[in-house]
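Structure first, then comments.
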2 protein chains.
Amino acid sequence: MAQRIDFQTDPSRYRHWRVEYDGEIANLYMDVDENGGLFDGYQLKLNSYDLGVDIELADVVQRMRFEHPEVKVVIMQSGKEKVFCSGANIRMLAGAAHAHKVNFCKFTNETRNTFEAAEADSGQKYICAVKGACAGGGYELALACNYIMLTDDSSSSVALPEVPLLAVLPGTGGLTRVTDKRKVRRDRADIFCSIEEGIKGKRARDWNLVDEVIPNAKFDDTVQERAKEFVAASGKASGLKGVELTPIDRTFGDDGSVTYSLVEVTLDRDAGKATILIKGPDGDAPADMAAMQAEGASTYMLRLARELDDAILHLRLNERQLGLMVFTTQGDPEKVLAHEAVLLADKDNWLANEILAYWKRVLKRVDMTSRSLVALVEHGSCYAGVLAELLWSVDRSYMMEGEFDGDNRPLATVTLSESNFGTFPMSNDLTRLQTRFLGTPEDVVALKDRIGEPMEAEAADEAGLVTMILDDIDWDDEVRIFLEERASFSPDAMTGMEANLRFAGPETMETRIFGRLTAWQNWIFQRPNAVGEDGALRRYGTGKRGDYNMERV
Amino acid sequence: MAQRIDFQTDPSRYRHWRVEYDGEIANLYMDVDENGGLFDGYQLKLNSYDLGVDIELADVVQRMRFEHPEVKVVIMQSGKEKVFCSGANIRMLAGAAHAHKVNFCKFTNETRNTFEAAEADSGQKYICAVKGACAGGGYELALACNYIMLTDDSSSSVALPEVPLLAVLPGTGGLTRVTDKRKVRRDRADIFCSIEEGIKGKRARDWNLVDEVIPNAKFDDTVQERAKEFVAASGKASGLKGVELTPIDRTFGDDGSVTYSLVEVTLDRDAGKATILIKGPDGDAPADMAAMQAEGASTYMLRLARELDDAILHLRLNERQLGLMVFTTQGDPEKVLAHEAVLLADKDNWLANEILAYWKRVLKRVDMTSRSLVALVEHGSCYAGVLAELLWSVDRSYMMEGEFDGDNRPLATVTLSESNFGTFPMSNDLTRLQTRFLGTPEDVVALKDRIGEPMEAEAADEAGLVTMILDDIDWDDEVRIFLEERASFSPDAMTGMEANLRFAGPETMETRIFGRLTAWQNWIFQRPNAVGEDGALRRYGTGKRGDYNMERV
């Protein structure tokens, strides 16, 4: 799998999805091109999906919010006759390396979360109209929608057959959403997850696996009717005009570097390290949201979010040997705050809301990245407001203290803004500052008084905002030694440690999916009973069941 | 590891721990016998531990509560000069099968939780007096105590060196208690977990890794002084006389069966199944708690808890090929309720409190058991009050409906008691009924009105208390088919599925330890970077570090 996976696409390139816009309703059709797999060796039969299908879906959801703010209800449905979606492609899974499987699941999970976020953050509701078999990842797609309608015919059912059929879990949120979103009684969930053929009709409704079961003859009409009802009940503003997400400005270098307009990714393969340089604004902040909307996708806050998001995804999937991600910023912190302030001053504006909500998702993506994350707060940097969040998203931060010989850049500072106190909650529903100061919540309260103050190293250290401050004498050696040491540790131990240390405090459905469910799935993805020569995944389609070692752990 | 692991012990057999009772203070010394390992092939140097050491510790904690209710403060300390405890024995871990590692960690985790439970449920406070190196599982022992005192000398420190040294996690609650109990700032936790040599002195206090750092010369006196202060501040009743935990009545059969006075374990190895028959009371309930105390360890409610606990542990560790645990009961439900009622009527009585709290732990042990759990509610059964909890601890329950040909036993019933509404919370801090009816909390409220009503099959089914009811025609086939099917599934997929479905709703430190932390640890315990030929665990002690594949997942 040496080919580079590209997370950028647009409707003109879609092979698997299409959207028909009907005013405030969007009909979203999954119609997977069997021969459009991202890799060779499998066909995407029966509306099964691979990462390529999901990249398109993520693009659909993203564009729905930015380009089609007029849409209030999205109806997810199948473009094929007899099948809704049969889930992740098994041959793809059986042939994929462990690391690809894990990253594939993570990305699909993140994309599923965006359906729920679309309603929670923007009032754009996803409903799922299930006709035909809806199995495994197919039902997980439905579960991530906020209203599930099932037709009542002889072949339409919902199912999570992973456990009996494949000896793996419904790992794209399936188990968690069944218990915690649909709140299905636990023994019923147990039965449901053990039945290959799934559950249909009245029982699916009785067990709350779907919200509505509709006679087949009335299904299509009822779906449209329900969509109209949801539109009528929606609190989302009407008549909004979108912003086109034009292609991002991106160049790949032969050495693996990636240059965007505001982000530069450079690699040091020997050191196992990728450095992500984020640049401050290259222009003045627009006067207001109208001016920002006129700037469209080129406006700093949106452009940077898109570039950073792409850089993270690129490194996750395409540069798996690099265990360290080092964030640096360079630019004018005042300007960052000025751009951000336009959004914060008019949060009810739909585009301001969308850009801030997108930053929330991008920062969650950083939190969830299975690499050791480090921020360097160097002179000339611009960790202010939204960019300061990176300091508490990473595992550690190092900050320059005092003058450095021959360095004429402005002294390193950290500047808080209002946005650090609630605009970008983590997946545990706390802010990064609340999570950081879980034991001393009074520190968060005290920090509110320091909004707008550019804190130099000593002040930032005293306030607990950075891990360590270092002067000119120590900086190079200390940072180098830390990075070298970190790069020498077992990447698996790092993954496990970081997954545990990053998410203190309360859990949510989201943290449970990425913590508990994903961890167990990854464990199973290592077990011979699933992935060994005679395991269920390998034997799938041969007519033989997996040959299991029955020892329990 | 074919030898049978025995979870029963008593002070006369201890090799690794000793307790000196000093009125309301107990001095608990860890003084591991190097040559007292449970298995061959390793020495328990530097106060390192294996499962055998932990079985003794669990016995100490249990006896402290039942035999020594006069104790208000337990001081955990080392009986060796230079070391507090160096954690789980690495050679043991390196040589152990995956399933043993996982079960070892689970049992040690459960034992750690009992320190916290001792204070929460009985006001018996564990403080930890750390002199000498306190590393890995040693510090995890300390973390499970509720007050940590560290001496300030050149060699005493606390450390979690698992990640840098062994490429595994501090998996006995370490990472979770650092972030969620001690609430250590996340980047500091990251540093702490990356430093082999650990942290000592003032910094350990500043980072809240310990509660107090004391000059070495004053250490012993200060520890005793602090213990006396805690005794003085304790709300625990004084002058209580304990109950001796006499040996349980247990016989092993050649076929693997185990017969206790109230529990019978029978095995069907071909079917991968262990059946646990629980018998109702063999005598009348004592008149009151004074009479129950006079019965001592032989009183029904205590005797049954001890026998069931032992049976579960025995099956977990010694019968790992049996993936199914089937619970049945036989006896008079009224008598079960009568015995339970003596406890519930006098909950403030120390022994009533202890027995109920012990049942809470036993039921949590059932919840946490990595086997498919089934309850059969047959005619003549006694699922009432505390025993009814089993119905909602298991994955599924099947209940007999109506008369069965030739079966003269009383019709199967389920009877709720007051205890089902708060006495035995799960590790998620909800009752089993609350967890079961997460989506319909009003059902729990309605059930309160039915306390004491023996519900036959139809009523129990309508109330949602059992999974399925079956009449004489269907019972044998349906139950057999289910058990056969279940036994045919991948045990790993079952483990993962059950770990996710059993714990809907909120998370607590306990569920995070068993869910998130354990799952990641188990994943790492499969990874070549830890357990492969050149992995860190195997190479430990050779002077060579692990040779890692640096790919991140």
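Computed about the Cα centre, the dipole magnitude for region A:251-501 is approximately 1220 debye when only Lys and Arg (+1) and Asp and Glu (-1) carry charge, each at its Cβ. The Cβ shell under 14 Å around A:G280 holds other residues with a net charge of -4, Lys and Arg each +1, Asp and Glu each -1.
Calculated mean residue ellipticity at 222 nm for chain B: -11000 deg cm²/dmol, from DSSP H runs with n ≥ 4 weighted as -39500 (n - 2.57), summed, divided by the residue count and rounded to 500.
Quarter the surface of the alpha carbon convex hull of region B:251-501 and you get the mean projected area, 13.4 square nanometres. Between this copy and the others, label points of B:E295 are 7.8 nm apart in ascending order, each placed 7 angstrom from Cα in the Cβ direction. Projecting the alpha carbon convex hull of region B:58-171 along each direction and taking the average yields 7.7 nm².
For region A:394-548, dividing the convex hull volume of the Cα atoms by the residue count gives 172 Å³ per residue.
Counting only Cα atoms, the size of chain B along its three principal axes is 76, 57, 47 Å, in decreasing order. For region A:530-547, backbone phi angles converted through the Karplus equation (6.51, -1.76, 1.60; θ = phi - 60°) give residue-by-residue couplings of 9, 10, x, 3, 9, x, 5, 5, 5, 8, 4, x, 8, x, 9, 7, x, 9 Hz, Gly and Pro being listed as x.
Take B:E244, push a point 7 Å out from Cα through the beta-carbon direction, and compare it with the same point in every other copy: 9.0 nm, smallest first. Taking the number of Cβ atoms within 10 Å of each Cβ as an exposure proxy, the fewest-first ranking of A:L344, A:L390 is A:L344, A:L390. Taking amide H atoms as placed 1.01 Å from N in the peptide plane, the amide H of B:I148 lies under 5 Å from those of B:C128, B:D211, B:E212, each 5 or more residues away in sequence or on another chain. With its label point put 7 Å out from Cα toward Cβ, A:D332 sits 8.9 nm from the same residue's point in the other copies, in order from shortest.
If you build the convex hull over the alpha carbons only and average its shadow over all orientations, what do you get for region B:119-212? Give it in nm² to one decimal.
5.6
Mind jotting down the distance between the C-alpha centroids of region B:156-186 and region B:50-118, whole Å? After rounding, the separation between the Cα centres reads 17 Å. With 10 Å bins beginning at zero, the pair-distance distribution over Cα atoms of region A:419-463 amounts to 27, 54, 19, 0 %.
The alpha-carbon positions of the protein assembly as shown define a convex hull whose volume is 171 Å³ per residue. Around the amide H of A:A384, modelled in the peptide plane, lie the amide H atoms of A:T415, all under 5 Å away and 5 or more residues distant in sequence or on another chain. A cysteine counts as unpartnered when no other cysteine's C-beta lies under 4.7 Å of its own; in chain A this applies to A:C85, A:C105, A:C134, A:C193, A:C382. Applying a length cut-off of 18 Å (Cα extent along the axis) and a mean Kyte-Doolittle floor of -1.0 to the DSSP H helices of chain A leaves A:51-66, A:98-122, A:216-233, A:300-318, A:350-367, A:475-488.
Shown here: region B:64-123, whose C-alpha atoms stretch 42, 30, 17 Å along the first, second and third principal axes, sorted largest to smallest. Pairwise Cα distances in region A:165-237 exceed 16 Å for 61 percent of all pairs. Relative to the Cα centre, the charge distribution of region B:335-416, modelled as +1 at Lys and Arg Cβ and -1 at Asp and Glu Cβ, gives a dipole magnitude of about 420 debye. Considering only alpha-carbon pairs that sit under 8 angstrom and 6 or more positions apart, the relative contact order computed for region A:11-233 is 17 percent.
Return the loop-located trypsin sites (Lys or Arg not before Pro) in region A:186-250 (DSSP other than H, G, I, E, B) with at most 16 other Cβ atoms within 10 Å of their own Cβ; answer none if there are none.
Working: sites: A:R186, A:R188, A:K200, A:K202, A:R203, A:R205, A:K218, A:R226, A:K228, A:K236, A:K241, A:R250; in loops: A:K200, A:K236, A:K241.
Of the trypsin sites (Lys or Arg not before Pro), the ones in loops of region A:186-250 whose Cβ has at most 16 other Cβ atoms within 10 Å are A:K241.
Across chain A, the mean sequence separation of Cα contacts (distance under 8 Å, 6 or more residues apart), normalised by length, yields a relative contact order of 12 percent.
If R0 is 41 Å, the Cβ-Cβ spacing of B:D220 and B:Q8 corresponds to a FRET efficiency of close to 0.75.
Nearest 5 is fine: what % of DSSP beta bridges in region B:11-233 come out antiparallel, could you say?
If I count the DSSP bridges inside region B:11-233, around 20 percent turn out antiparallel.
With both bridge residues required to lie in chain B, what share of the DSSP beta bridges run antiparallel, to the nearest 5%? If you can, show how the numbers build up before the last one.
Values: 19 of 65 bridges.
In chain B, DSSP labels about 30 percent of beta bridges as antiparallel.
Checking every one of the GluC sites (Glu not before Pro) in region A:163-231 against DSSP loop status and a limit of 15 other Cβ atoms within 10 Å picks out A:E196, A:E197.
A Cα-only calculation for region A:11-233 places Rg and Dmax at 16.2, 47 Å. For the listed residue pairs A:K131/A:K200; B:K80/B:K218; B:K106/B:K241; B:K125/B:K200; B:K279/B:K347; A:K45/A:K82, the alpha carbons are over 21 angstrom apart in B:K106/B:K241; B:K125/B:K200; B:K279/B:K347. Centre-to-centre, using Cα atoms only, region A:15-34 and region A:210-275 are separated by 13 Å. A crude spin-label estimate for the pair A:A297 and A:R480, with each label 7 Å from Cα along the Cβ direction, gives 4.2 nm. Put in order of Cβ neighbour count within 10 Å, fewest first, the listed residues A:T508, B:T266 become B:T266, A:T508. Once divided by 2.2 N^0.38 Å, the Cα radius of gyration of region B:121-174 becomes 1.23.
The H on the amide N of B:W17, modeled in the peptide plane, is under 5 Å from the matching H of B:D31, each at least 5 residues off or on a different chain. Bridge orientation summary for the protein assembly as shown: considering DSSP beta bridges with both residues in this region, about 30 percent are antiparallel. The spacing between region B:310-358 and region B:495-553, judged by their C-alpha centroids, is 32 Å.
Coordinate-derived values only; no laboratory data. For clarity, every value in this text was computed on a predicted model and none was experimentally measured. All Cβ positions, even for glycine, are placed from backbone atoms using ideal geometry, and neighbour counts span all protein chains on display.
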